[in-house]
Amino acid sequence: FGIYFGLVLLCAVYAILTFLFLKRAIYFYYFLWIVSSGLFSATHLGFSYQYLYPQWPAFNNIFRVIMEIATTMAFLTFTRYFLRTTSLAPTIDRVFKFISYFFGFLVILGFALYPFVDSLGLYLMPSLTLIISVILILILVVLYQTYAKQRQEVSFYLAAFGAVIAGSLVLLASEIGWLNDRTFTVNPYLVGSAIELVIFSLAITWQIKKIFDERNVLSLQFSNHQQELLKAHIEGIEQERNRIGRELHDNIASRLSNLARIPKANDAAMHLLNEEANSLYQEVR
């Protein structure tokens, strides 16, 4: 238990620091999912009742349901960002968004109605199980549809998702008597959940590396573009200089040269004009 909850705390700190550094919503929802998942596991194991609200024993049932709803909501939102369903699967994304809003309403409703309806969890559990089953099916559809466009993300997701599903199935098999409880020294769900946290943390780290690689590529492209602009600017200046030089030499200088030949040599005024034209001709050259 200490290793598991220590891992939860470590991943939560990593997620919130990543969010503060990169300012991307996916890391914040990853943090919320880790915290809510840790609280759900603690409630399932009885630690929340022991340490968070020992004086309210009736609150444990509804708090477990609230944490399950909150965990599902946070995980669903994190999934939307991680698998980029907004752009790659917009129809399913709208369904996910609606379910997230509905679950958020249920969380607020659960806390608000607890003093009056302490058995709310008994009515919510069947509906909640059905909704979660629908979510799992839709997630599998998204993974199938988007695999060709984001193979790395889908591979990470399948590995993490498969670990927690395997742990949950083993736990379910032991609870219904298909497996002997004494063969497990630790909770199989916690093992799957811990593996899931590690895999998603590795996936987040890979995404961070991908972001910085993209930034480096963009920076290099921007630098090359700036150099091309500077080169084009210099070439433009040289071309303009050549154009002005040709214009001065071929047009104005030729006209001055022709003007210098017009005056007669014995005319003083014309002689002065001839000298001035020659002087201007030299200056133009």
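The values are calculated or read from the model by the stated rules, or taken from the named source; none is laboratory data. Nothing here was measured: the structure is a model prediction, and the numbers come from that model. Positions of Cβ are backbone-derived with ideal geometry, glycine not excepted, and every protein chain shown enters the neighbour counts. Please note that ligands, DNA and RNA were not included when accessible areas were found on the heavy atoms of the full protein model with its side chains. Shrake-Rupley method; radii C 1.70, N 1.55, O 1.52, S 1.80 Å.
Below is a table of values for the structure above.
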item: Euclidean distance of C-alpha centroids, the stretch 184-203 and the stretch 14-31, integer Å; result: 21 Å
item: Where the Cα pairs of the chain fall when distances are cut into 10 Å bins, in %; result: 6, 19, 23, 14, 6, 4, 5, 5, 6, 5, 4, 2, 1, 0
item: Rounded tilt (10° steps) of 59-82 against the dominant C-alpha axis of the chain; result: 30 degrees
item: Where the chain is the region considered: accessible area per residue in Å², 1.4 Å probe; result: 62 Å²
item: Share of carbon and sulfur in the accessible heavy-atom surface of the chain [1.4 Å probe, %]; result: 65 percent
item: Signed unit charges on C-beta, dipole axis of the chain, positive-most listed residue Ile26, Ile108, Gln150; result: Gln150
item: Leu179 long-range amide H proximity, modeled H, under 5 Å; result: Ser174
item: Tyr81 versus His233: modelled label distance in nm, points set 7 Å from Cα along the beta carbon direction; result: 3.9 nm
item: The chain, dipole about Cα centre (Lys/Arg Cβ +1, Asp/Glu Cβ -1), debye to the nearest 20; result: 240 debye
item: Distance (nanometres) between label positions extended 7 Å along Cα→Cβ at Leu272 and Phe21; result: 8.3 nm
item: Arg151-Gln55 FRET efficiency (beta carbon distance; Förster radius 45 Å; 0.05 resolution); result: 0.30
item: Flagged links, alpha-carbon separation over 25 Å, of Lys149/Lys210; Lys209/Lys231; Lys97/Lys209; result: Lys209/Lys231; Lys97/Lys209
item: Using alpha-carbon coordinates, inclination of helix 188-246 to the longest axis of the chain, degrees; result: 10 degrees
item: Rounded tilt (10° steps) of 2-22 against the dominant C-alpha axis of the chain; result: 20 degrees
item: Note, ³J(HN,Hα) from phi for the stretch 94-102, Karplus 6.51, -1.76, 1.60, rounded to Hz, x at Gly and Pro; result: 5, 5, 4, 5, 5, 5, 4, 4, 5
item: Burial ranking of peptide ranges 136-143, 36-43 (average Cβ count within 10 Å, highest at the top); result: 36-43, 136-143
item: Top of Glu238, Glu196, Glu275 by mean-square fluctuation, Gaussian network on the chain, Cα under 10 Å; result: Glu275
